Structures are given as C-alpha cells and as structure tokens.
Amino acid sequence: MPHALRSSVEDFVEGLKSIEQGLITRDLVCDYVNAMRLTPEALKPYIFFNKDNYTRNLIHRDDRFEVMTVCWLPGQRTVVHTHNGSLGWMSMAQGEVDVHNYHYLKCNKPENQNVVGLDCLAGATQIDMERIGTMHCVPGGDVNTVDKLQTIHQIENADPARAGCISLHVYSPPIDSCVAFDLEHQRCFRRNLRYTSEYGVMST
C-alpha cells in the first residue's frame, strides 16, 4: 500500500473504526498504520511538549482502540514496561526514537501473573530479564509493534534535535495500567497511565 501522507486524523480514525468491525490482528493494523502516515501538521492539535517528561496525548478512544501522540524532548524516555496484554503499533511523525526490547526470564513473584484482566499484579523484588535488541524508529520507517509474546520494552528519544520527537501510538484494547520495572533496584510495580491532554485539551 502506498503511504497516504496527506491523511487527516479524522480519516485515520475512521479507518480504524472500519477495522474494529472485524477481527483485529497485529499484521492487519500494522499494514494500516504503515499506509496511513500522519504528518506533524496533521497531528498539530495533539502535540504538547513538557520539559520535565514525555507527554501522552489522547486523540481517539473507544472499547477496541486507543490512539495517541507521544511527544519527547531530547533525553526523555519511558521506564521499562509491559502493555497489559494489548496489541500496539507505533509510527514516527517527527524525529527518531530507540525501542529497547526485553525478555522476561523469571522473578520471585511469578504467582502474581495469574490474575484475570491484568498481565501481572507486580511486586517482585528479584527480576531476571535480558535485553534482546533495539529497534531504531524513524519517519517512514517500519512500524514498531507490540504483541502478546514480546510486550516488554523501553522507548527513548534518540534524536538530539531540539524540535523533539513525535510518535503516533495505537493500542487494542486501550491500556489503563501496566507493569513498570526498576531493574537497577530490582523491583516492579503497577503504574496507572494518564493522559497529558485529551482531544487537544490539556488535562487538569
């Protein structure tokens, strides 16, 4: 499929709504996100930078999909985190980021993974994970995907440009919390996720 660089946010969301009428698969949505690249100009109402942290800016949410921009200034990064069993897709509208992927080996609270509706209750104080590679993401490059086999990663701004990075994220279903890992201090905890802005308006 050719890249539709003139796509609007409204077109993008309408396309997702048509996809959600059927079976949502990683590859189907990946092809769609790859074909429907949105420019920084198209995303302008949903671009907010903060000098203290990256920002999460909600564009669309329903029962099956969540769409947001994440805006990163130089040096900003996420913690290592899970995605609560959701599928995810990320494309770059501006700048470059590195996605560091991790593989869970074991921890001292494996029983906390046996809970309905969450990937894990967290609470471990001994964690064994290995970093299995890094994906460098650029505008027009491959769409980064999160699936149920490989869901643990860290994203960081790899671009020194002061203009900042803008990434577009789609999750199915939406994610309200995740497990965050502090590997230096060997602990993990559940983190509730919040938006910096919703539908173009800063959250209070």
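No lab work stands behind these numbers, since they all come straight from the coordinates. These numbers were taken from a predicted model, which means no experiment stands behind them. FYI the Cβ positions are ideal-geometry reconstructions off the backbone, even for glycines, and counts take in every protein chain you see.
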* Asked: With Cβ to Cβ distances under 14 Å as the rule, what net charge do the other residues near Asp159 carry (K, R +1; D, E -1)?
  -> -1
* Asked: When the gyration tensor of segment 41-125 is built from Cα positions, what are the square roots of 5 times its three eigenvalues, in whole Å, from largest to smallest?
  -> 29, 17, 11
* So, counting K/R as plus one and D/E as minus one, what does the shell of residues with Cβ under 12 Å around Thr145 add up to? -> -2
* Per DSSP H run of at least 4 residues, take -39500 (n - 2.57); add these up for the chain, divide by its residues and hand me the 222 nm value, nearest 500 deg cm²/dmol. => -3000 deg cm²/dmol
* Structure fact -> Rounded to whole angstrom, the alpha-carbon centroid of segment 23-96 lies from that of segment 136-155 at a distance of 11
* Positive minus negative residues near Val201 (Lys, Arg vs Asp, Glu; Cβ under 15 Å) -> +3
* **Label-point separation, Leu28 to Asp142 (7 Å along Cα→Cβ), nm** => 2.3
